[in-house]
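Scroll down for the structure; my scribbles are underneath it.
Laboratory data are not the source of any read-out in this text; all were calculated from the coordinates shown. All of these numbers come straight from a predicted model, not from anything done at the bench. Using ideal geometry, Cβ is built from the backbone for each residue, glycine included, and neighbour counts are taken over all protein chains shown.
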Amino acid sequence: MTPVEVFLLIIGLLISFGFLSFALVSLHEKHHRASALSFLLLLVSGIIFAAFLLSSKLIQNIGLGIILAVSLAGFILFFWPTAKEIAPSPPPEQRVDERTIMFARARLEPGTPNFEAYYRDHPDHKSLDEAFRQNPGLLEPGTLFFNQKLAASPQGDFFLTESLRDAVDGPISETKVVEPPDKMTDFIKNLAIYHGARDVGICRLHSYHIYSHIGRGSGEFGEEITLDHQFAVAFTVEMSHEMVNTGPRMPAVMESARQYAEAGKIAIALAAAIRAMGYPARAHIDGNYRVIAPLVAKDAGLGEIGRMGLLMTPSLGPRVRLAVITTDLPLKENQAAWHPEMIDFCSICKKCAQVCPSQAIPFGDRQEYADGTLRWKINPERCYTYWTRVGTDCGRCMAVCPYAHADNFMHNIIRVGVAHSHNFRRAALWMDDLFYEKKPMPHTPPDWIQSV
Ligand code: SF4
Ligand code: SF4
């Protein structure tokens, strides 16, 4: 064989190996269209390279030239760092009253003093909230995807999380462990990972992280919140790709509830461990937060808040659940992270907005809000009303987000390009639409659930 033929053979085998791996990985991920396309590309590329190898030397040289030119152009276009000027959002100028958030409003019971007082103070919310009150509700019979056997799983996890809500704080040891902040930071981060956290970050606790008044959880509804801890430890837990992709069907809420419980358990154990070292610490878990967890997680360097209003991490996108521990344990805060590439990707992507069944996610650019922030804002009433109609927490937006793909070598190669180049982001989105469709359909649940 001539050197050109050897080169063509090696390139052909590498490309075929790439397509074959992608096809098999996609099959495993139940992305059948991506898998079929990759098998087709494997076949086509195999035929092209075989044709080159059987051709004259002149055709082989031309083929080699084309491959080198395309590779160089690909490198320049996709891997050469290109940036688009993206302005970061300033932090909020005001604190949020937890009573105004959708989950607190959903807990208000008609006829109670809190219900009457809330809608007297917020008459604009009354008609909006009547829409979801007319529906059966989350995990309730009569909703579109209700199945008593499957609903029992999230009901069990929500029961567990509810049982943990009074354990968020507790007694502090009278003896202190005293160590330099960087050493202690290392220990706390590793302890969180040892307990099952995926990513961990630390920031100073700012007043805009803290809700102004209690809307749910322990304490009196409407009570003013004071929290004078200095630091916040935020962490994520990963949600199963397979379960999330079934949203808005029942397995999606099974997974949400399971990971809320997981995050809650880890946060409570960590807060208790910090108190056992002699420092105040409070866990902030589902249903009993004093802080706005996504804002804390963003400032702790875990990711950005994207178009769908959730925290997105660079490696798992929105396919995470969060919890926070606030404390006075002296810690070393993370370098403030800023991921303009994620905001840039959200600006061009809009996939979540396209699939949202309640049209709660905006299509336009980020807007400036009265609190001074620059962001996308979803319509929480539309989103929650849909949940109470279908009986699950939907998660369609989370399932289709290109950042939420499985955390494996194939997708991580794309993530590297997305992080570096604006041009690559456009190409990656085009490929995502091609391989996974512009409006992907929900996946079938795992076999053990399908047989229910
Ligand atoms: S689906 Fe696209 S637009 Fe929506 S959050 Fe994910 S990356 Fe951003
Ligand atoms: S959870 Fe569903 S309804 Fe709510 S914003 Fe996401 S896609 Fe829309």
Seminar exercise, completed: As straight-line cross-link partners of residue 183, the qualifying aspartates and glutamates (C-alpha separation under 14 Å, not fewer than 8 residues apart within one chain) are 333
Problem set entry | the chain, relative contact order in percent, only Cα pairs under 8 angstrom and at least six apart counted | 21
Exercise. Can you list the residues, at least 5 places off or on another chain, whose amide H is less than 5 Å from the amide H of residue 304, using H built in the peptide plane?
Worked result: 312
Exercise. Going out from 0 in 5 Å bins, what whole percent of all Cα-Cα distances in segment 1-80 drops into each bin?
Worked result: 3, 16, 20, 19, 18, 14, 8, 3, 0
Exercise. FRET efficiency for residue 368 and residue 1, Cβ-Cβ distance as r, R0 = 51 Å, nearest 0.05?
Worked result: 0.20
Seminar exercise, completed: The ³J(HN,Hα) series, computed from each phi in segment 103-113 with the Karplus coefficients 6.51, -1.76 and 1.60 at θ = phi - 60°, rounded to the nearest Hz and given as x for glycine or proline, is 5, 6, 5, 5, 8, 5, 9, x, x, 7, x
For this session: Can you grab the distance from the C-alpha centre of segment 173-192 to the C-alpha centre of segment 258-309, Å, no decimals?
Result: 17
Seminar exercise, completed: The set of residues whose placed amide H lies less than 5 Å from the amide H of residue 332, leaving out same-chain residues fewer than 5 positions away, is 185
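Over all alpha-carbon pairs in segment 220-312, figure out the percentage whose distance exceeds 17 Å.
Numbers: 2574 of 4278 pairs.
Tail of P(r) above 17 Å: 60 percent of Cα pairs.
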For this session: May I ask you to evaluate 6.51 cos²θ - 1.76 cosθ + 1.60, the Karplus curve with θ = phi - 60°, for each residue of segment 309-326 and list the ³J(HN,Hα) values in order in whole Hz, giving x for glycine and proline?
Result: x, 9, 5, 10, 9, x, 9, 10, x, x, 7, 9, 10, 10, 8, 9, 10, 9
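Percent of alpha carbon pairs in segment 128-227 separated by more than 23 Å?
Working: 2938 of 4950 pairs.
Summing the P(r) of segment 128-227 above 23 Å gives 59 percent of all pairs.
Could you tell me which of the pairs 298/332; 84/377; 84/298; 189/298; 298/439; 176/265 are separated by over 19 angstrom between their Cα atoms in the structure shown? Walk me through the numbers before you get to the answer.
Values: 298/332 16 Å; 84/377 22 Å; 84/298 21 Å; 189/298 16 Å; 298/439 28 Å; 176/265 24 Å.
Result: 84/377; 84/298; 298/439; 176/265 exceed 19 Å.
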For this session: Would you kindly enumerate the cysteines in the chain that have no other Cys beta-carbon under 4.7 Å from their beta-carbon?
Result: 203, 346, 349, 356, 383, 394, 401
Seminar exercise, completed: Restricting to Cα pairs under 8 Å and 6 or more apart, the percent relative contact order of segment 231-343 works out to 37
Seminar exercise, completed: Ratio for segment 15-149, C-alpha Rg to 2.2 N^0.38 Å, reads 2.09
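Provide 206, 32 in ascending order of the number of other Cβ atoms located within 10 Å of each residue's Cβ, fewest first. Walk me through the intermediate numbers first.
On the way: 206 15, 32 11.
Lowest to highest Cβ neighbour count: 32, 206.
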Exercise. Using mean Cβ contacts within 10 Å as the protection proxy, how do 288-296, 366-374, 207-215 order, highest first?
Worked result: 288-296, 207-215, 366-374
Exercise. Residue farthest toward the positive end of the dipole of the chain, with Cβ of Lys/Arg at +1 and Asp/Glu at -1: which of 428, 330, 171?
Worked result: 428
Problem set entry | Rg to Rh, two decimals, where segment 265-347 supplies the alpha carbon set and Rh follows Kirkwood | 1.02
Exercise. In whole Hz, what ³J(HN,Hα) sequence does segment 17-33 give by Karplus (6.51, -1.76, 1.60; θ = phi - 60°), x for Gly and Pro?
Worked result: 4, x, 5, 5, 4, 4, 5, 6, 4, 5, 4, 4, 7, 6, 8, 5, 5
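Take 260, 194 and order them by how many other Cβ atoms sit within 10 Å, fewest up front.
By the 10 Å Cβ count, ascending: 194, 260.
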Exercise. Hey, any idea what Rg/Rh is for segment 98-400, computing Rh the Kirkwood way over Cα pairs?
Worked result: 0.96
Seminar exercise, completed: Ordered by fewest other Cβ atoms within 10 Å, a rough proxy for footprinting exposure, 331, 27, 150 read 27, 150, 331
